[in-house]
Amino acid sequence: MEERTVQLTENGKVIAELPIKTGTMGPSTVDISQLYQQTGKQYFTFDPGFMATASCHSAITFIDGEQGKLLYRGYPIEQLAQKSSFLEVAYLLLNGQLPTQNELDTFTHNILHHTMINESLKMFYHGFHYNAHPVAVMIGVVGSLSAFYHDSINVYRQESRIISAHRLIAKVPTIAAACYKHSIGEPFIYPDNKLSYCGNLLRMMFAVPCEEYELNQTAERALDLLFILHADHEQNASTSTVRLAGSSGANPFACIASGIASLWGPAHGGAAEAVLDMLQEIGNVSQIDKYIQKAKDKNDPFRLMGFGHRVYKNYDPRAKIIRDTCHKVLNEFSNTSDPLFELALKLEEIAVTDDYFIERSLYPNVDFYSGMIYRSLGIPSNMFTVMFAIARTVGWVAHWMEMISDPRHKIGRPRQLYDGAVSRDYVAITER
Ligand code: CMC
């Protein structure tokens, strides 16, 4: 097939002819990688925030933001949410295909039997003050895994990459639960490999050595569902951070720690915690109008947290799925209805009928509801990003592996539009 190209002209003269690349779905891309050379080193492109720039090839996740569609390896998120489990989805994201029963059993065994962390690693927690934010602790502890697994940090060996991937996915719940236990001053609970991935996490968070722990299956299933929905979301800020960090050949534990750091921001994975803070600040229904006005005011930095998305300009499909679960979980776990949930629903109702939000396609995103579910499971708001990071570790690892094994991959090195001082001579301090 003939290669399609676009021409870039300046004053009627063609200065570059750029190939168009088309994937299996989604918009085509203009390949600008040779632009600088073709224009005689005259031009870069400028796209802060990657508004219209594809940074890599990927075959993992596809989003159609206009249609509100999300596919993992081609499978619609709605079907996976209804029929699959988090570990099956993890296998799918990592390997590209749904597993056979044997493959799933082996994978599940590998993950559920690598859940312990080195005893020395536990000392790290005690270096943090009890009120340290759990995400800060998690970043430190996950990063420090590279100091424990020298045998698997050669990123150019496929076998090492797989072992690292399994270690990360298996150990993040243990690390996360210990972050929580440290913050409340309770002893760490060892993992129990008989339990499911999410069951084990709940137990490590909520069991105490002096009492029997009874696992609640609704909680286990709700967590599994949330983890499926959060497992991957193509080239978002944290995944791009992991790819950029990993593009230099850095070890996977350091790369995932950088991903958690990026996830923490309130515009990204920190949004669920920010939603709860916001609802608490709004306080009651009579205050909603005031806060809607604040969100619309360009001179006010306040934004409605849990609303809007860079890619979804239609409803976030994850929000649709989670909204129902939110009702179910709240019914089971709250004896009385949660006033914050009622406030959230009212806020949603008002915001989605307001012209400002309609014109800008600002709909509730997944994190508008995820915090409500975590809250009803007894998980405090400063742990929400930690929970998100456990699920997203699968996506980060899948992207990191895809990048490293792609022979076309290069170190990520963006260019810039420099607008600082032009060249000038140093002035001695006495003459300034
Ligand atoms: N409240 C009020 N106005 C908003 C909001 C909001 N939450 N989000 C966007 N806008 C306005 C924004 O002011 C701008 O208005 P105008 O065109 O008049 O200047 C317009 O909508 C477009 O916004 P933008 O900032 O250019 O959009 P973006 O794609 O750069 O930002 C976003 C996307 C998610 C960072 C943003 O919508 C936001 O800050 N939302 C709140 C934080 C949040 O919920 N984040 C979680 C995202 S989902 C979880 C995840 O995947 O990480």
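Residues to consider are SER376, SER361, SER381, SER370; find the one that is of a type in the set (Gly, Ala, Ser) and under 30 Å from HIS166 (Cβ atoms).
Just a single option satisfies the conditions, and that option is SER370.
Working only within the range 119-135, note down all residues that are surrounded by 15 or more Cβ atoms within 10 Å (Cβ to Cβ) and part of a helix (DSSP H, G or I).
Passing the criteria: LEU121, LYS122, PHE124, TYR125, PRO134, VAL135.
For TYR315, indicate whether it is modelled with pLDDT of 90 or more and either outside any strand (DSSP E or B) or on the phi < 0 side of the Ramachandran plot (or both).
no
When you look at GLY26, is it of a type in the set (Gly, Ala, Ser) and in contact (Cβ under 8 Å) with a residue 60 or more places away in the chain, yes or no?
Here the answer is no, as GLY26 does not meet what is asked.
Search the range 330-384 for residues being away from the ligand (no atom under 16 Å from the Cβ) and among the aromatic types (Phe, Trp, Tyr), and hand back the single one that is least open to solvent (accessible area, probe 1.4 Å).
Once the filter is applied, the top-ranked residue is PHE341.
List the residue pairs whose Cβ atoms are under 6 Å apart, where the first residue sits in the range 412-432 and is part of a loop (DSSP other than H, G, I, E, B), the second is open to solvent by less than 100 Å² (accessible area, probe 1.4 Å), and the two are 6 or more positions apart or on different chains.
Correct list of pairs: GLY412/LEU244; GLY412/SER247; ARG415/PHE44.
Among the residues in the range 400-408, are any surrounded by 10 or more Cβ atoms within 10 Å (Cβ to Cβ) and either more than 32 Å from the chain's Cα centre (by Cα) or closer than 30 Å to MET204 by Cα (or both)?
yes
SER286: more than 10 Å from the ligand (Cβ to nearest atom), at pLDDT 95 or above and surrounded by fewer than 22 Cβ atoms within 10 Å (Cβ to Cβ), yes or no?
It is false that SER286 is more than 10 Å from the ligand (Cβ to nearest atom), at pLDDT 95 or above and surrounded by fewer than 22 Cβ atoms within 10 Å (Cβ to Cβ).
Please give the number of the condition LEU215 fails out of (1) surrounded by 18 or more Cβ atoms within 10 Å (Cβ to Cβ); (2) in a loop (DSSP other than H, G, I, E, B).
Single failed check for LEU215: (1).
Scan the range 97-115 for residues that are in a loop (DSSP other than H, G, I, E, B), within 18 Å of PRO191 (Cβ to Cβ) and either of a type in the set (Phe, Trp, Tyr) or under 24 Å from the mean Cα position of the chain (by Cα) (or both) and report the count.
Adding up the residues that qualify gives 2.
So TYR312 ticks every box in (1) open to solvent by less than 20 Å² (accessible area, probe 1.4 Å); (2) aromatic (Phe, Trp, Tyr); (3) more than 10 Å from the ligand (Cβ to nearest atom); (4) in contact (Cβ under 8 Å) with a residue 60 or more places away in the chain but one. Which box is left unticked?
Against the list (1) open to solvent by less than 20 Å² (accessible area, probe 1.4 Å); (2) aromatic (Phe, Trp, Tyr); (3) more than 10 Å from the ligand (Cβ to nearest atom); (4) in contact (Cβ under 8 Å) with a residue 60 or more places away in the chain, TYR312 comes up short only on (3).
Is it the case that some residue within the range 301-309 is under 21 Å from LEU70 (Cβ atoms), more than 12 Å from the ligand (Cβ to nearest atom), touching a residue at least 60 places away in the same chain (Cβ under 8 Å) and of a type in the set (Phe, Trp, Tyr)?
No; the residues of the range 301-309 include none that is under 21 Å from LEU70 (Cβ atoms), more than 12 Å from the ligand (Cβ to nearest atom), touching a residue at least 60 places away in the same chain (Cβ under 8 Å) and of a type in the set (Phe, Trp, Tyr).
Going through the range 62-93 one residue at a time, which ones are in contact (Cβ under 8 Å) with a residue 40 or more places away in the chain and of a type in the set (Gly, Ala, Ser)?
Scanning the range 62-93 gives GLY65, GLY68, ALA81, SER84, SER85, ALA90.
Looking at this structure, is ARG392 modelled with pLDDT under 90, assigned to a helix (DSSP H, G or I) and closer than 26 Å to GLN79 by Cα?
no
Here is a check on your reading of the model: is GLY269 near the ligand (Cβ under 10 Å from one of its atoms), open to solvent by less than 20 Å² (accessible area, probe 1.4 Å), small (Gly, Ala, Ser) and within 12 Å of the chain's Cα centre (by Cα)?
Taking the combined requirement at face value, the residue satisfies it.
Quick check: is even one residue across the range 87-104 within 26 Å of LEU145 (Cβ to Cβ) and at pLDDT below 95?
No: the range 87-104 contains no residue that is within 26 Å of LEU145 (Cβ to Cβ) and at pLDDT below 95.
Could you check how many residues of the range 82-92 are open to solvent by less than 10 Å² (accessible area, probe 1.4 Å) and small (Gly, Ala, Ser)?
1
The values are calculated or read from the model by the stated rules, or taken from the named source; none is laboratory data. This one's a predicted model, so the numbers in the text were calculated from it and none came from an experiment. FYI the Cβ positions are ideal-geometry reconstructions off the backbone, even for glycines, and counts take in every protein chain you see. Keep in mind that these areas ignore ligands, DNA and RNA; they rest on the heavy atoms of the full protein, side chains included. Shrake-Rupley method; radii C 1.70, N 1.55, O 1.52, S 1.80 Å.
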